[in-house]
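Enquirer: Take a look at the following structure, please.
The values are calculated or read from the model by the stated rules, or taken from the named source; none is laboratory data. Predicted model only: the values in this text are computed from it and were never measured. A quick note on method: Cβ atoms are made from the backbone with ideal geometry, for glycine too, and the neighbour counts reach across all protein chains shown. The protein model used for the area step is the full one, side chains on, heavy atoms only, and it has no ligands, DNA or RNA in it. Shrake-Rupley method; radii C 1.70, N 1.55, O 1.52, S 1.80 Å.
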Amino acid sequence: MNETAPLRARAEIDLAALRANVRTLRAHAPSAAVMAVVKSDAYGHGAVPCARAALEAGATWLGTATPEEALALRAAGVPGRVMCWLWTPGGPWREAVEADLDVSVSGMWALREVVAAAAAAGVPARVQLKADTGLGRSGCQPADWPELVAEALRAEAGGRIRITGLWSHFACADEPGHPSVRAQLTLFREMVAYAEERGVRPEVRHIANSPATLTLPESHFDLVRTGIAVYGISPSPEIGTPADFGLRPVMTLSASLALVKHVPGGHGVSYGHHYVTPGPTTLGLIPVGYADGIPRHASGTGPVLVGGKWRTVAGRIAMDQFVVDLGGDEPAPGTEAVLFGPGDRGEPTAEDWARAAGTIAYEIVTRIGTRVPRVHVNREQDG
């Protein structure tokens, strides 16, 4: 792709910023290895180039939700340790074993399936046992932990698996001082101790996500799993901005202004006429909409930088386009409209859009659709 060609829209992904973020996260957790989580196409940033950049910057693990995501990394030739954790019965266990993935097991059904897959493949599976310490999603409940640990040890003794990790996930690490954080950390230590007392020798123990990596050093153990922070977005505005943690947003989303026109006062704009021009003005048409991942909930509130000024979505965001009131300004069609970026040029950030839509910045970047090409810049590592 010609990176300088004007496009209807583009999501520019700055891999130099991503590498710098990984180095910063390593400094926040100097005693632990870093896993860069590249699930959901690297939170919308492009899994394979982001995975490679993270490894170049010193991440030693990659994480995905689904096994299909992990297998796609292997198919692209991405090396190293890759863990995947969101399994359903009948999943591609054998393919995962043969691809040398670390797989997560939360219950007996999954352990049985991975053991059978390892037997069919003729090589031991790398298995990480997940403890539910209070999040209430996947993971093994404390009452069921003894059975899972015992069966996993039997499978390991039989040469079917290697227990490579013990792990869990926080519910409220993005809320400093929330009582569940300490409670989960205490229970995780207890469940790890139980497993180790019975003979489990994990390579890694891990519970820290991005907010815990940044704010809770006692949770770092052997490995931290960094997701949104890799992409330069704060896991919670309440705990700090990206700049507070030395992070830089990686994605800049922009579009080419498709039309500029004069309209009189009292002119309705977009479906439902929820915006009516207060007087004669100019309107600019921005050719992206909710089919591209622009949240319809930000109708009337979403910010855009056009011609050096912040504009606001006028009326409803439609499937393929939305309008901004330019207030009489007349930028030429093709002028860049920046929806969000790092903020260096005065443009809005993903967090600004999250506030406008009543959501979190994770959702803003992850939902950007496949019609918007990802343009990866700074592919070569400095030095």
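Enquirer: Mind listing the long-range amide H neighbours of Cys140? Cut-off is under 5 Å, sequence gap 5 or more, other chains count too, H placed in the peptide plane at 1.01 Å from N.
Expert: Lys130, Ala131, Asp132
Enquirer: Given a 1.4 angstrom probe, what's the average accessible area per residue across the chain, in square angstrom?
Expert: Counting only protein heavy atoms, the per-residue value for the chain is 41 Å².
Enquirer: Compute the long axis of helix 108-121 from its Cα atoms, compare it with the longest principal axis of the Cα atoms of the chain, and write down the angle in degrees, 0 to 90, nearest 10.
Expert: The helix 108-121 is inclined about 80 degrees to the chain.
Enquirer: Lysines within cross-link reach of Lys130: Cα-Cα under 24 Å, excluding same-chain residues under 8 positions apart?
Expert: Of all the lysines, those that pass the test against Lys130 - Cα under 24 Å, at least 8 places apart if same chain - are Lys39.
Enquirer: Note down the net charge around Ile239, summing +1 for each Lys or Arg and -1 for each Asp or Glu among other residues with Cβ under 10 Å from its Cβ.
Expert: On the way: positive: none; negative: Asp174, Glu175, Glu238, Asp244.
Local charge sum for Ile239: -4.
Enquirer: Whole angstrom only: what separates the Cα centroid of region 268-338 from the Cα centroid of region 50-67?
Expert: Between the Cα centre of region 268-338 and that of region 50-67, the gap is 37 Å.
Enquirer: Considering only protein heavy atoms, what is the solvent-accessible area of Met108 at a probe of 1.4 Å, reported in Å² to the nearest 10?
Expert: Its heavy atoms expose roughly 30 Å² to the probe.
Enquirer: What is region 1-101 by shape, rounded, prolate or oblate, if you read a ≥ b ≥ c off the alpha carbon gyration tensor as root eigenvalues and call it rounded for a/c under 1.5, prolate for a/b larger than b/c, and oblate otherwise?
Expert: oblate
Enquirer: Just add up the charged neighbours of Glu69: K/R +1, D/E -1, any other residue whose Cβ is under 12 Å from the Cβ of Glu69.
Expert: 0
Enquirer: Tell me the carbon and sulfur percent of the accessible area for the chain, rounded to whole percent, probe radius 1.4 Å. Before the final figure, lay out the partial values.
Expert: Numbers: 8240 of 15700 Å².
Summing carbon and sulfur atoms, their accessible area is 52 percent of the total for the chain.
Enquirer: A further question on this structure: Decide, for region 115-210, between rounded, prolate and oblate: order the square roots of the alpha carbon gyration tensor eigenvalues as a ≥ b ≥ c, take rounded if a/c falls under 1.5, and otherwise choose prolate if a/b is larger than b/c, else oblate.
Expert: Since a/c reaches 1.5 and a/b is larger than b/c, the shape of region 115-210 is classed as prolate.
Enquirer: Can you bin the chain into rounded, prolate or oblate? Criterion: square roots of the alpha carbon gyration tensor eigenvalues sorted a ≥ b ≥ c, rounded for a/c under 1.5, prolate for a/b above b/c, oblate for the rest.
Expert: prolate
Enquirer: So what is the calculated 222 nm ellipticity per residue for the chain, using -39500 (n - 2.57) for each DSSP H run with n of 4 or more, over all residues, to the nearest 500 deg cm²/dmol? List each step's numbers first, then the result.
Expert: On the way: 11 runs with 111 residues, N = 383.
When only DSSP H runs of four or more count, the value is -8500 deg cm²/dmol.
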